[in-house]
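First comes the structure, then the notes that go with it.
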Amino acid sequence: MNVKYCDALVIGGGLAGLRAAIATQSKGLSTTVLSLCPVKRSHSAAAQGGMQASLGNSKMSRGDNEDVHFADTDKGSDWGCDQEVARMFVTVAPKAIRELAGWGVPWTRIAKGPREAIINAERTTIVEDDEVHGYIHSRDFGGTKKWRTCYTADATGHTMLFGVANEALKHNVNIEDRKEAIALIHENNRCYGAIVRDLVTGELWAYVAKGTLIATGGYGRLYKQTTNAVICDGIGAAIALETGVAQLGNMEAVQFHPTPIVPSGILLTEGCRGDGGILRDVDGHRFMPDYEPEKKELASRDVVSRRMMEHIRKGKGVKSPYGEHLWLDISILGRAHIERNLRDVQEICQIFNGIDPADEGPKGWAPVLPMQHYSMGGIRTKPTGESPTLKGLFSAGEAACWDMHGFNRLGGNSVSETVVAGMIVGDYFADFCLANEVDVNTATIEKALKKQSDFINHLLTNKGKYNIFEIKNRMRDIMWEKVAIFRDGKGLAEAVNELEELLKKSHDVTVKSKTTSANPELEEAYRVPMMLKLALCVAMGARERTESRGAHYREDFLKRDDANWLKRTLTSWKEGATLPTVSYEDLDIMKMEIPPAFRGYGAKGMIIENELSLKRQEEVDKIREEMEAAGKDRHEIQDALMPFELQPYYKAKNERFGDAK
């Protein structure tokens, strides 16, 4: 029996996992990080545009603080987020940025004096104060009131990942790559580690730990068209689901990014539009002001993606061998700006499409189309990051439904969440590991290992009717055709039925190659059934949720229904079942700092209001008015409106230029 012991086991080698590992290792816990690939190649490196944190340094950021960031995040979520978690997040984000600077992340800095910028397609001059020269810069992103997204040109995730990975190595974190967790070890609603497959040798190992944290990213590869890397198949969430104890949250909340390039699907960062780029149709017309006259291209991602597809439906798409698309024009920013701040975007366009986006006029326009990009859903956790139902299992980053994004994530909040959750959840995770022991029976470990070994052997020897690659491709087609940007009851019902049939077929496949190592077909044979379970959680959650909220858009239920659907979807899976079990937890309006209201996009009146919203708003207004009259500051008022728990060193007040309050 192959067994390895450690104090803290982290599954996933991206930003969230590595930052959590630093937290545990720093407290004297032996920590092992398992990664499918070398950690500096994790999908976190693909993040381009930036990381949100309310520093308030630059001229266009002045006046920003946690309150503004919180309001943007809550409204961006379409009132689907956990407001206490959102408060934890916005409070720690400025500390995370500065910590990363200390670890060597070369944030783009402010240069004093005048600089040119494109705002609403018009060239303007911004004059930066002498006092902020050399401070961390930030750019504009969709759905924000202030320019808050800190960046390193358009390679932010890359520089952050190298900084955090180097710090983990400095702390002697044990990092093992090319290792895949395929099941969790658990007994009596307590998690004790994972069964892990060595992707090089094919061997199975039991990694046993006091606590286990999953940070494996999202599940974008459920879809035919996605910006996600091939390793983003959701297996981390799936092994939690397959315990039958842990639950997933809001799996139907799937974000589509407006500007992946056609046909490769590689992302062109929101920084393109944040810096002043615009969207054009087949006629070269800038169409977003027609739909969203206030925010235009910088409306929230779910809104921009829908408006783009709506415009294509009206016959304004550009026909191509790969289907219809629209144009992204960043040439108006000027060659100097592009080659300094959007150089990765320029290289992507040159290498994959043979165009230079700095060229003026139509020849420099990049073909773009909304594609799946981010998973708001994931392993349901408490604000501490621990599963409410499976003790000892934690999750952070995109793999988790923590839940600060609700039904739509703001650009720049995801890469920010990875390190912020890595700090906060990592610290709680470390405390759990310090307070608990490995008290699992050897027989339990042996049983878990044998179960997975027998399953692998079954896949290699079974003479089934079906081809696993065909099943996977059909799953991805179904998700793209029926569970994507526009949804309706008929399509979702068909999707659930078809996916359920595919799940049944996936248990009867033939793996032609019989080797246990270097066998992609074998890997698909055990992954695809898990992916189908996630797909069913997404499709069934979407079918049952008869409203439109954030990225979940039902054409047969166009209104956001706060009266009936202000609740979080929970899915679990019973062993042997072919469909998930769906339940719900209500969001408590009477505890909200900002009760549900009009989000600011589209026509007013598209909300079925909850009667408690007005009642809570009256309470909030009264508390604020009385405390302001008594001379209380914004921190005291916030604490009275919605107190939240956070480690004291993370809850400490943030200082800003010109405002130490």
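The values are calculated or read from the model by the stated rules, or taken from the named source; none is laboratory data. From a predicted model like this one, the values you see are computed outputs, not experimental measurements. Every residue, glycine among them, receives a Cβ derived from its backbone with ideal geometry; neighbour counts consider all protein chains shown. Ligands, DNA and RNA are excluded from the accessible area calculation, which covers all protein heavy atoms including side chains. Shrake-Rupley method; radii C 1.70, N 1.55, O 1.52, S 1.80 Å.
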Fill in: Segment L558-R178, length gained on full extension (0.36 nm per residue, minus Cα span)
132.3 nm
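May I ask you to order 27-37, 289-299 by the average number of other C-beta atoms within 10 Å around their residues, highest value first?
By packing density, highest mean first, the sequence is 27-37, 289-299.
What accessible area per residue, rounded to a whole number of Å², is obtained for region 262-310 using a probe radius of 1.4 Å? Provide the component values of the computation, followed by the final result.
Working: 1400 Å² over 49 residues.
Heavy-atom accessible area per residue stands at 29 Å².
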Discussion item. For a Förster distance of 30 Å, can you work out the FRET efficiency between the beta-carbons of K145 and R286, rounded to the nearest 0.05?
Written reply: 0.85
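Please report, to one decimal in angstroms, the Kirkwood hydrodynamic radius of the chain built from all distinct Cα-Cα pairs. Each step should come with its number before you reach the end.
Values: mean 1/r = 0.0397 Å⁻¹.
By the Kirkwood definition, the hydrodynamic radius is 25.2 Å.
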Practice prompt. Give the calculated FRET efficiency between D621 and A518 to the nearest 0.05, with a Förster radius of 45 Å applied to their Cβ-Cβ distance.
Written response: 0.10
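Tell me, what % of the accessible area of the chain is carbon and sulfur with a 1.4 angstrom probe? Each step should come with its number before you reach the end.
Working: 12140 of 24390 Å².
Carbon and sulfur together cover 50 percent of it.
Give me the 1.4 Å probe accessible area per residue for region 426-529, excluding ligands and nucleic acids, in Å². All intermediate terms of the calculation are to be shown ahead of the outcome.
Numbers: 5050 Å² over 104 residues.
Counting only protein heavy atoms, the per-residue value for region 426-529 is 49 Å².
For a protection proxy built on the mean count of beta-carbon atoms within 10 angstrom, sort 114-121, 338-345, 629-636 highest first, please. Don't skip to the answer; put the middle values down first.
Working: 114-121: 13.8, 338-345: 19.6, 629-636: 11.5.
The most tightly packed comes first, giving 338-345, 114-121, 629-636.
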Fill in: Mean ellipticity per residue at 222 nm, deg cm²/dmol - from DSSP H runs of n ≥ 4 across the chain, formula -39500 (n - 2.57)
-11500 deg cm²/dmol
Discussion item. Placing one identical point scatterer on every Cα of region 422-580 and ignoring solvent, what is log10 I(q)/I(0) from the Debye formula at q = 0.12, 0.17 Å⁻¹?
Written reply: -0.75, -1.03
Worksheet item: What fraction of the Cα pairs in region 1-84, stated in percent, has a spacing above 18 angstrom?
Response: 64 percent
Worksheet, complete the sentence: Note on the chain: helices (DSSP H) long enough, at least 20 Å by alpha carbon along their axis, and hydrophobic enough, mean Kyte-Doolittle at least 0.0, are 83-102, 156-170, 413-435, 520-544
Worksheet, complete the sentence: Along principal axes, largest first, the alpha-carbon spread of region 560-642 in whole Å comes out as 61, 32, 20
Worksheet, complete the sentence: Mean Cβ-within-10 Å packing, highest first, puts peptides 491-501, 543-553, 388-398 in the order 388-398, 543-553, 491-501
Worksheet entry | Label zone at F657, where the point sits 7 Å out along the Cα-to-Cβ direction: region 136-153 residues whose backbone N lies under 11 Å | 136-138
Response to the item:
In region 579-622, the trypsin sites (Lys or Arg not before Pro) that sit in a DSSP loop and have at most 13 other Cβ atoms within 10 Å of their own Cβ are K604
Worksheet item: Loop-only check: which trypsin sites (Lys or Arg not before Pro) in region 128-178 are DSSP coil with at most 12 other Cβ within 10 angstrom?
Response: K145
Practice prompt. Please report how far the C-alpha centroid of region 586-661 lies from that of region 33-60, rounded to the nearest whole angstrom.
Written response: 28 Å
Fill in: Fully extended contour minus Cα-Cα distance, from F455 to V438, at 0.36 nm per residue
3.5 nm
Worksheet item: Which whole-angstrom value gives the distance between the alpha carbon centres of region 197-247 and region 404-444?
Response: 15 Å
